[in-house]
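Okay, so here's the structure we're looking at.
The values are calculated or read from the model by the stated rules, or taken from the named source; none is laboratory data. If you're wondering where the values come from, they're calculated on a predicted model, not measured in any experiment. As a convention, Cβ positions derive from the backbone with ideal geometry for all residues, glycine included, and neighbour counts pool all protein chains shown. Each accessible area value is taken on the protein alone, full model and side chains, heavy atoms only, with ligands, DNA and RNA left out. Shrake-Rupley method; radii C 1.70, N 1.55, O 1.52, S 1.80 Å.
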Amino acid sequence: MIVGFGFVLLLLGLTAAPPAQAGSWSPGAAAPVDSPVGESGARPEAVTFKGRAFDTCRAPSADTMRRWRASPYRAVGVYFGGRGRACRSQPHLSHRWMRTVRDQGWRVLPLYVGSQSTCVFARHKKNVRIGRHPWKQGTTEGRDAVKRASALGMGAGSPLFLDMEAYAYRNKKCARSTLLFVRGWNREVSRRGYLPGFYSSAASGVAHMERSRRAGVRDLPSVVWFARWGVKNGLHREPVLRKGAWTPARRIHQYAGNVRERHGGRTLLIDRNLMHAPVARIG
């Protein structure tokens, strides 16, 4: 029994040998949203929002965002960095854009599409898979995420969501390297005063994080953004998450994707989300 449990922990990456720094928190369910400590020693409180959000590949113009105030959405997901980002061209995304949409009444959810799992399903993501040193790579990309977020005016206490597209998490070798990458990314983001979030499909990446949480793995995401389309939206109906996992105010449900909506005379291709979670602190 002991041997079996140790084997499970090894596969999950808990007993792998990351740097000997203390973790920022205990497993996911116990992670307070205002826990990260920046290098200045400050502990900024998270700003949370409860309501509807949309995300779209390329950040819309400030004028389109103004027009979309006619929509039921009040938060927007933006893809601000990462080597796996589909829409690398972001002509509108800037510090000025961030402040403008904030002043319009929008909350912002920052998404970073970094290296993807070695067993990622999507063909167009296979060219950006995690390499031979997942912890180190995760740390490096976490540092890059913070640098890019800061350049856009998003300060400490903001959540940064690592976008990890669906992967075969039951593949033990792949699950181990993916988890090491995610944990390294999380620890670096947290060390620099930001909140590490995690976006993935409920049936793969989020199920993997929940399994890891139950096993007592440290350095897990502080906020989860789970994609399960074609079901009624809800933050506490997701079957792979236990009731007390990532609560309170640490969940986002993406319940529909690639849908066209028109508001204020402007049409966008979006994903629909329901959330109660932290949003970016924009200065």
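Using a probe radius of 1.4 angstrom, the carbon and sulfur fraction of the accessible surface of the stretch 39-183 is 47%.
What part of the accessible area of the stretch 184-283, given as a whole %, is carbon or sulfur when the probe is 1.4 angstrom? Result for the stretch 184-283: 49 percent of the exposed heavy-atom area is carbon or sulfur.
Relative contact order of the stretch 151-283, please, whole-number percent, based on alpha carbon pairs below 8 angstrom and at least 6 residues apart.
Rounded, it is 26 percent for the stretch 151-283.
In whole angstrom, note down how far apart the Cα centers of the stretch 198-224 and the stretch 106-122 are. Going from one Cα centre to the other spans 14 Å. Computed from the C-beta positions of ARG214 and LYS126 and an R0 of 25 Å, the FRET efficiency is 0.25 to the nearest 0.05.
Accessible area per residue for the stretch 80-134 is 51 Å², calculated with a 1.4 Å probe on protein heavy atoms, without ligands, DNA or RNA.
About the centre of its Cα atoms, the stretch 146-227 shows a dipole size close to 380 debye [charges on the beta carbon of Lys, Arg (+1) and Asp, Glu (-1) only; nearest 20 debye]. With protein chains left intact and a 1.4 Å probe, residues in the stretch 154-217 average 24 Å² of accessible area per residue.
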